[in-house]
Amino acid sequence: MLRSPAASCSFPPVSCPSNPRNVVPHIFKPNIVVDRRQMLISLTTISVTPLLESTNILATSNANASLFQMPPYRLINRYFLVRAGESEFESLGVINTNPVAKTSMDSGLSIEGRRQTARAALKLKAMGACDQSCWIWPSITQRAYQAAEIIASVNGINRSLIVPEYSFLDARGLGAFEGKTLDAVAQVYEADNISPNIKPPPIDDGTPNESVSDVFVRVTQLMSILETQYSGDTVVIVSPDSDNLTVLQAGLLGLDLRKHNDLFFSPGEVREVNPDEIPAYKEPASGAFKCSNPPSCI
């Protein structure tokens, strides 16, 4: 059998007399590859460590930026609050807050609701809300999304700037009041005046029974998203009901959430968020309306 000249050669190969030109035999190349791998691993460790550290710093910075409290120290964006026009259910004088029906046409705008929304869109235009473009954030509820489309059309806003919100802007769930006449809502507000933590009676048809504090949590989460996602932009928030907007405005202004209904939004009403004042026509009579720690104002 023929033997390779390197077969009897000891390591290192350069000492082998049969290898006068100090050529490294193929059988020893894996060792060089291993050495190279170890070198690359060490270099990677050196270069990646500061990268990870900077990533942690960035993550911490983003986490701090996303914190949002009510009332806020300041607002990064300009906001307009819009209640959608009257719905088909509201035109019949019926309470409908079950989220199962929120995308049905029965939850859409009535004929009067379309008129109210058109007036709201024109008011936004007169206020210059979307002169420099704007984002429109409607609830996915049928009437709110229809209102957003009307607002976009009147103000020359591309539909791509309509951002549907799937849960934080749902109409306040009124539990056992579902299906009752709109007059029954007065009982809900009587309970709200006592405590923001009182929930409407429950029901087993899937309709939530939300307290003011529950709504407060939702709209605070919404504002946290908006203040983190945008900077120096205009955002038009379109809600299917008044309670989302009154609780939001009370929270932004640091007002007593028990009195949120004093800021009631009529169908199709538009209001710009002004951190410095409450609209004169909604000024509460109570001098104790200011709350230093919403929603805990009792």
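Within the set R172, R218, the sole residue that is among the basic types (K, R) and closer than 23 Å to A120 by Cα turns out to be R172. I want to confirm something. Restricting to region 166-176 and keeping residues that are open to solvent by 20 Å² or more (accessible area, probe 1.4 Å) and in contact with a helix residue (DSSP H, G or I) (Cβ under 9 Å, 6 or more places away or on another chain), which single residue is nearest to Q116 (Cα to Cα)? Applying the filter and picking the extreme gives D170. Counting only residues that are part of a helix (DSSP H, G or I) and in contact (Cβ under 8 Å) with a residue 24 or more places away in the chain, how many does region 184-196 have? Residues in region 184-196 being part of a helix (DSSP H, G or I) and in contact (Cβ under 8 Å) with a residue 24 or more places away in the chain: 6 in total. Do we have any residue at all in region 124-143 that's within 22 Å of Y230 (Cα to Cα), without any contact (Cβ under 8 Å) to a residue 60 or more places away in the chain and part of a helix (DSSP H, G or I)? Yes, region 124-143 contains at least one residue that is within 22 Å of Y230 (Cα to Cα), without any contact (Cβ under 8 Å) to a residue 60 or more places away in the chain and part of a helix (DSSP H, G or I).
Give me the residue from region 146-158 that is touching a residue at least 24 places away in the same chain (Cβ under 8 Å) and part of a helix (DSSP H, G or I) and, out of that set, most open to solvent (accessible area, probe 1.4 Å). Taking the candidates together, the pick is S153. Of the candidates S224, S211, the single residue that is open to solvent by less than 20 Å² (accessible area, probe 1.4 Å) and not acidic (D, E) is S211. Scanning region 178-207 for residues that are closer than 17 Å to V247 by Cβ and open to solvent by less than 50 Å² (accessible area, probe 1.4 Å) yields V185, V188, Y189, A191, D192, S195, P196, P200.
Of the residues contained in region 159-171, one or more are found to be part of a loop (DSSP other than H, G, I, E, B), closer than 13 Å to I237 by Cα, charged (D, E, K, R) and in contact with a Pro (Cβ under 7 Å, 6 or more places away or on another chain).
In the set T97, T103, only one residue is under 19 Å from D241 (Cβ atoms), of a type in the set (S, T, Y) and buried (at least 23 other Cβ atoms within 10 Å of the Cβ); that residue is T97.
Conditions (1) more than 22 Å from L182 (Cα to Cα); (2) part of a loop (DSSP other than H, G, I, E, B), marked per residue:
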position	(1), (2)
V217	yes, no
D241	no, yes
N244	no, no
V247	no, no
G251	yes, no
D262	no, no
F265	no, yes
R271	yes, no
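The values are calculated or read from the model by the stated rules, or taken from the named source; none is laboratory data. Quick caveat, the model's predicted, so the values are computed rather than measured. When we count neighbours, we look across all protein chains shown, and the Cβ atoms used for this are built from the backbone with ideal geometry, even at glycine. With ligands, DNA and RNA removed, areas are computed over all heavy atoms of the protein, side chains included. Shrake-Rupley method; radii C 1.70, N 1.55, O 1.52, S 1.80 Å.
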